[in-house]
1. If I filter segment B:48-58 for residues that are in the same structural domain as B:Pro235 (by TED's automatic domain parsing), under 17 Å from the mean Cα position of the chain (by Cα) and in a strand (DSSP E or B), do I get at least one hit?
2. Quick check on this structure: which one of C:Ala79, C:Ala24, C:Ala74 is in a helix (DSSP H, G or I) and modelled with pLDDT under 90?
3. Please work out which residue is farthest from the chain's Cα centre (by Cα), limiting yourself to segment B:184-221 and to residues that are assigned to a helix (DSSP H, G or I), more than 16 Å from ligand 1 (Cβ to nearest atom) and of a type in the set (Val, Ile, Thr).
4. In this structure, is B:Ile101 assigned to a helix (DSSP H, G or I) and outside the structural domain of B:Ala143 (by TED's automatic domain parsing)?
5. Examine segment B:85-105 for a residue that is within 16 Å of ligand 1 (Cβ to nearest atom), hydroxyl-bearing (Ser, Thr, Tyr), within 11 Å of chain C (Cβ to nearest Cβ) and farther than 18 Å from C:Asn211 by Cα, and state whether such a residue exists.
6. I need the full set of residues from segment B:43-79 which are more than 12 Å from chain C (Cβ to nearest Cβ), hydrophobic (A, V, I, L, M, F, W, C) and away from ligand 1 (no atom under 13 Å from the Cβ), in order please.
7. Kindly establish whether C:Arg206 is more than 23 Å from the chain's Cα centre (by Cα), in a helix (DSSP H, G or I) and surrounded by 18 or more Cβ atoms within 10 Å (Cβ to Cβ).
Amino acid sequence: MLDLSFLGQTILNGLSVGCIYGLIGIGFCVIYNASGIVNFAQGAFVMLGGMITYVLVSLNVPLILAAAITIICVALVGVIIERIVVRPLWDRKATMFVMILATLAAQIVIERATLIVVGDQPKSLPVFTDLPPLRLFGIAIGYQTLWIFGTSIVLIIALGLFFQKTLVGRAMRACAINREAAALQGIQVSHMLALSFALSAGLGAIAGILVTPTQFTAFNVGTPFAISGFIAAIVGGFGRPFGAFLGGLTLGLAQALAVYSLGSGLKNMAALSVLLLFLFLRPSGILGSAK
Amino acid sequence: MIRLRVEHLTKRFGGLVANSDVTFSINAAGVSAVIGPNGAGKTTLFNMISGFSPPTEGRVFFNEQEITGLEPEEIATRGLVRTFQLTQLFQNQSVLENVMIGRHVRTKAGVIGALLRPRWVRDEERQTEQRSHELLDLVGLGAQADMLASTLPYGQQRLLEIARAMATDPQLLMLDEPAAGLNHEETEKLSQIIRRISDLGTTVLLIEHDMRLVMNTADHIVVLNFGRKIAEGSPSHIQADKDVIEAYLGGTEMLDA
Amino acid sequence: MTNSPATISSKLMAALRHAPAIAAAGMVAYAIADGGYIVTVVGFGLIYTIFVAGLNIFMGYAGQTSFGQNAFAAIGAYASAVLTATYGWPPLLAALAGIVATAICAFVIGYPTLRLKGHYLAMATLAIGLIIYEVAVQWQSVTNGYMGISGIPALGIGHYELLSDRAQLIFLAIMAVLSLAASWLLRHSRFGRALVALSGSEDAARALGINVRQYKLTAFIISAIYASISGTLFVHIVGFISPEMIGMNMVILAFTMLYVGGIGTTTGPLIGAIVIGLLPESIRSFKDYQDLVYGAALILILIYAPGGIASLDQVVKKLLRTKAPAKEVAP
Ligand SMILES: Nc1ncnc2c1ncn2[C@@H]1O[C@H](COP(=O)(O)OP(=O)(O)O)[C@@H](O)[C@H]1O
Ligand SMILES: [Mg+2]
């Protein structure tokens, strides 16, 4: 009985962190669909989300306000990366490899700059709602977990509406289907690129803010999160935002179960094994890739 | 002797039938051509023969041996080599090196040979270079050997691709629209080069739009329309064929060139 | 011999093309002669020259992608470290065992991985590098985890050991020269031509009878062997190995060197490794800034000078050409 509730707890925690992976994975898809670029700086957005919020909160800014300011700041960072790093290469029609390398380098620059500014000590945030966890069948459900689930669901519905109903969202989808045709219809493809970076950076920041109270953040958490997000996107079928979210849940669950049965040292190994398994056996993911 | 024989070749892309039940054979001697309007399925046919896209149905025989479903590199090694409708040169390499790469299947040196350079490897390298210069002379690019391939004008790029394919010493050379984008004078020169290649003993099969080139150069013509073979025969026979004239929308002006 | 201005300037250009490589070689010679602190820095640069030369064969010549070559440096490094420090093997035998193990691993890893394309290939290779890192951390009984392995003996055969800094540097220089010579020989051969062919167009290469998969895999294995050798040299020179030394930062550093020196050129790895190796020396006191500077340098190079220092002559040519008409209009 005790073991069973421990398993339940494991599954719950896995799904909760899976939501975070899913949000990051959606960020990959948003940029990929708008441009065909795989942005390896995605993890930096997540790290900055937690880190900037931490800095603001420690300056006594109320949490909600701090979070809002952070999301805007990180979205700006996204646009800056797009302008400074991605755009010149995009204009030169650089190879996919060069693009990946440049965004990976941008990730490292941001990471190291953060190290210099805030140091290498892990930081954390207070939970959003400071109440004792709810109990259900012996499983403790923390309020932060509810925040993660709730925010993720709201974000996914909002994104769905954005892509289906708004003009901008539809233009972005048109770019995803066929960039040349979209350009011929008068859609400013280059604006879409900047917008996709802003959107995906904002999503990454939200993921970072949500997850930091349950773990911690440090200058170097970006890369593992980026890889998990990428795996989520692959598992869901690259280029499918909703698939990426499902992929995130799958990955979170698989990871939690691996840790449950094999020990916590294998957390990263489990994720990387899931990645290789999908790459080798089913590269189009569970839903089939978008193109 | 029959160089190439295709039997009931069919290719479907989902619902679209790009080739349907195409059967013909090509003699070892002379120049043959596949003609037909845009989208008739000519390139698709080349892709099936050269192993780049396996046929949905049907079989391909090269020198009376079946090659259906073999990998392109294996087919090339046997002596069937094709060029592409859109030139696929190695743009960042010199003109000479492009042709030297073509010698791959006729040479043997591997990693160890490259590192230790025994006498036979040095001889092989020298012969590769010499043969490549000869082929450049054949297509009239001898003076451009050291230029970067990407810096050649378009017409010369097409000739370089032919020289590179010839470097494999092919028994059958398949050219996909070699005259596309060439001017009158260049087309004339191309026609001569193709004849010379044929005279040297290589079977040539070309896809062409330029009727002047086809009628002047080819001995045997296969006509495709909507993926089907609608006629086959000598140039004069084809020029008189009713179905062919119709397929070209009464385009007699194309045919009497 | 005519000495018209045209031939002189073309000779100058040819000299300019080789200037960076000559300068880098000069730096190595200076370090050997000087024997001071610079020896460590240049030695580090030479070890990386070998690693980057291998990367260059797979990426520069064959035009493929791998973010995981650190995995093979790690296998070479740990094989040497464990076999010599823990089991007392002679260094040369341990190095050979490491190379064989690396080649086998590269084959087993490369066979399924090189079927992938684009960002799938990029991510799969990145994952392989990360997995090896995790193995180095988690397989404590062999690797000693984060603590690493120390007490690795110096290189040597029998009683002859390379103990002095200068002897080690001369040995490293010989190894680097051999690596670059092998790279040059490979490039200018039937094998190297097949690699540049598949890099240019896989379809055209296949149409000419080149077995693209086989050549990619061979280039991958050769590149891994280079990495293994550099890993082995590293542990014997430093005497210590830990997972941090073979992580992602190694990959970024190597890419920066490759692009600074000039990807696809034979001497590019030497130029890049020496230049980037010396870079932190000028900003020694700011160790934290090191990776920041590498990353920023890499971005700038990718954007503004994708040909690296090796293409300096092209840049100069362009400058001269744009300046020439300006002179004509001047009174
Ligand atoms: N890979 C493919 N997938 C789907 N349709 C294709 C493909 N390749 C060719 N087609 C279609 O097959 C038909 C024949 O094309 P092609 O062989 O290129 O014609 P041609 O060379 O005679 O101009 C065209 O309708 C073309 O759109
Ligand atoms: Mg065609």
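1. Of the residues in segment B:48-58, the ones in the same structural domain as B:Pro235 (by TED's automatic domain parsing) are B:48-58.
Still in the running and under 17 Å from the mean Cα position of the chain (by Cα): B:48-53.
Checking which are in a strand (DSSP E or B) leaves us with none.
No.
2. Working: C:Ala79 fails: modelled with pLDDT under 90; C:Ala74 fails: modelled with pLDDT under 90.
Going through C:Ala79, C:Ala24, C:Ala74 in turn, just one is in a helix (DSSP H, G or I) and modelled with pLDDT under 90: C:Ala24.
3. The qualifying residue farthest from the chain's Cα centre (by Cα) is B:Thr187.
4. Numbers: assigned to a helix (DSSP H, G or I): yes; outside the structural domain of B:Ala143 (by TED's automatic domain parsing): no.
Criteria not met by B:Ile101.
5. Initial filter on segment B:85-105 (within 16 Å of ligand 1 (Cβ to nearest atom)): B:85-88.
After this cut, where a residue has to be hydroxyl-bearing (Ser, Thr, Tyr) as well, the list is B:87.
Restricting the remaining residues to those that are within 11 Å of chain C (Cβ to nearest Cβ) gives B:87.
Checking the rest, the ones that are also farther than 18 Å from C:Asn211 by Cα come to B:87.
Within segment B:85-105 (the criterion being within 16 Å of ligand 1 (Cβ to nearest atom), hydroxyl-bearing (Ser, Thr, Tyr), within 11 Å of chain C (Cβ to nearest Cβ) and farther than 18 Å from C:Asn211 by Cα), the answer is yes, since at least one residue qualifies.
6. Within segment B:43-79, the first condition is being more than 12 Å from chain C (Cβ to nearest Cβ), and the residues that meet it are B:43-45, B:48, B:54-69.
Of the ones still in play, those that are also hydrophobic (A, V, I, L, M, F, W, C) are B:45, B:48, B:60-62, B:67.
Within segment B:43-79, B:Val60, B:Phe61, B:Phe62, B:Ile67 qualify.
7. Working: more than 23 Å from the chain's Cα centre (by Cα): yes; in a helix (DSSP H, G or I): yes; surrounded by 18 or more Cβ atoms within 10 Å (Cβ to Cβ): yes.
Against the criterion (more than 23 Å from the chain's Cα centre (by Cα), in a helix (DSSP H, G or I) and surrounded by 18 or more Cβ atoms within 10 Å (Cβ to Cβ)), C:Arg206 qualifies.
Residue by residue, here is whether (1) in a helix (DSSP H, G or I); (2) surrounded by fewer than 19 Cβ atoms within 10 Å (Cβ to Cβ); (3) among the charged types (D, E, K, R) holds:
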| residue | (1), (2), (3) |
| --- | --- |
| C:Ala127 | yes, no, no |
| C:Tyr133 | yes, no, no |
| C:Ser141 | yes, yes, no |
| C:Ile152 | no, no, no |
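The values are calculated or read from the model by the stated rules, or taken from the named source; none is laboratory data. None of the values given here were measured: they were computed from a predicted structure. Every residue, glycine among them, receives a Cβ derived from its backbone with ideal geometry; neighbour counts consider all protein chains shown.
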